[in-house]
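Worksheet: the structure to be examined is printed underneath.
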Amino acid sequence: MKINKSFRIFKAVLLILFLATASSLFIEDVYADECDEVLELVNEERAKDSLPPLRMDEDLKKAAKIRSEEVTIVFGHTRPDGSKFFTVSPKVKSENLAAGQKTPKEVVSAWMKSPGHRKNILNPKYTTIGINYKKTDTGYKNYWVQVFGSEKPKKIQVVSEKPKEIQVEKISGIKVERRQNQISLKWDKQVSSKVSGYEIFVYSSKNKKFQLLGKITNPNISSLILTGLKSSTTYKYQIKSYKVIDRKVYYSTPSKISVRTKN
């Protein structure tokens, strides 16, 4: 019997705790809605002055909740321990308090009619806000707190993806035919979808570098005849495949050719 009685008491305690927790959660949800409505009304007032909206800051929300507990003890901008309101959080720059108003519309209207409170709401330096509403059975019964901050939103660094490296196929299977004043070059055909054409460079002994000799814009052409050359002379060439993608030109590694004309 004693065990059953103890068990019934235990169940009763659990039920009381459950109901208290559920009630607290319900109240917090209702008050959260009212705080959101205050923020919406405040931002409407700022919009009338062409000011950007304030955003709710979690740290400032916690600070406003602490202050709402404190103002039920001492209503004013001095905390119960004698310190100033802004000691509640390093983020707090200013504070609006109100007591007695039953709805968000009433409290925002009251603040906007007060020059000091209005100045805080319409201060262009403020970017963040924390809001809390506390309802009690004593005193003014309804207590409202706003705390303001000036923290700028963190910039999100957008890391652009490195463009994929375009690989252009190098020409292969080069065959050379030499004559006295002429050189013929031929290479394996490449898939036209992979290349747009070819560029031919010749080495200049005068400038000590390769210079563009000509361009083949038809990828299906895979041969070239070079005429008007000197006999018994060594010529150096480079041939690069190229591909045009979105108006950008990508090149293959050069294929190098060194050939001497006949006597």
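The values are calculated or read from the model by the stated rules, or taken from the named source; none is laboratory data. Since the structure is predicted, the reported quantities are computational estimates derived from the model, not experimental observations. A quick note on method: Cβ atoms are made from the backbone with ideal geometry, for glycine too, and the neighbour counts reach across all protein chains shown. Areas reflect the complete protein model, heavy atoms only, side chains present, ligands, DNA and RNA absent. Shrake-Rupley method; radii C 1.70, N 1.55, O 1.52, S 1.80 Å.
Table for the structure above
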| read-out | value |
| --- | --- |
| Any pair with Cβ under 6 angstrom, 6 or more apart, that starts in the stretch 121-142 at a residue that is closer than 19 Å to ARG46 by Cα and ends at one that is open to solvent by 40 Å² or more (accessible area, probe 1.4 Å) and part of a loop (DSSP other than H, G, I, E, B) | LEU122/ASP49; LYS125/SER150; TYR126/SER150; THR127/SER150; THR128/GLU151 |
| Residue check for ALA63: open to solvent by less than 40 Å² (accessible area, probe 1.4 Å) and either over 33 Å from the mean Cα position of the chain (by Cα) or within 20 Å of LYS152 (Cα to Cα) (or both) | yes |
| Flag for GLU45 being more than 17 Å from ASN142 (Cβ to Cβ) and either surrounded by fewer than 19 Cβ atoms within 10 Å (Cβ to Cβ) or among the charged types (D, E, K, R) (or both) | yes |
| Residues of the stretch 70-103 that turn out to be closer than 19 Å to GLY149 by Cα, among the β-branched types (Val, Ile, Thr) and more than 37 Å from the chain's Cα centre (by Cα), as a count | 1 |
| The stretch 178-192, residues that are part of a strand (DSSP E or B) and open to solvent by less than 20 Å² (accessible area, probe 1.4 Å) | ILE183, LEU185 |
| Scope the stretch 212-229; condition open to solvent by less than 70 Å² (accessible area, probe 1.4 Å) and either part of a strand (DSSP E or B) or acidic (Asp, Glu) (or both); matching residues | GLY214, ILE216, SER223, LEU224, LEU226 |
| Any chance LEU51 is crowded, with 18+ Cβ neighbours inside 10 Å and under 14 Å from SER150 (Cβ atoms) | no |
| Within the stretch 250-260, considering residues that are open to solvent by 70 Å² or more (accessible area, probe 1.4 Å) and of a type outside the set (Ser, Thr, Tyr), the one nearest to LYS208 (Cα to Cα) | LYS256 |
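Residue by residue, here is whether (1) touching a residue at least 12 places away in the same chain (Cβ under 8 Å); (2) open to solvent by 40 Å² or more (accessible area, probe 1.4 Å); (3) in contact with a Lys or Arg (Cβ under 9 Å, 6 or more places away or on another chain) holds:
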site: LYS194; (1), (2), (3): yes, yes, yes
site: LYS209; (1), (2), (3): no, yes, no
site: THR234; (1), (2), (3): yes, yes, yes
site: SER241; (1), (2), (3): yes, no, yes
site: LYS262; (1), (2), (3): yes, yes, yes
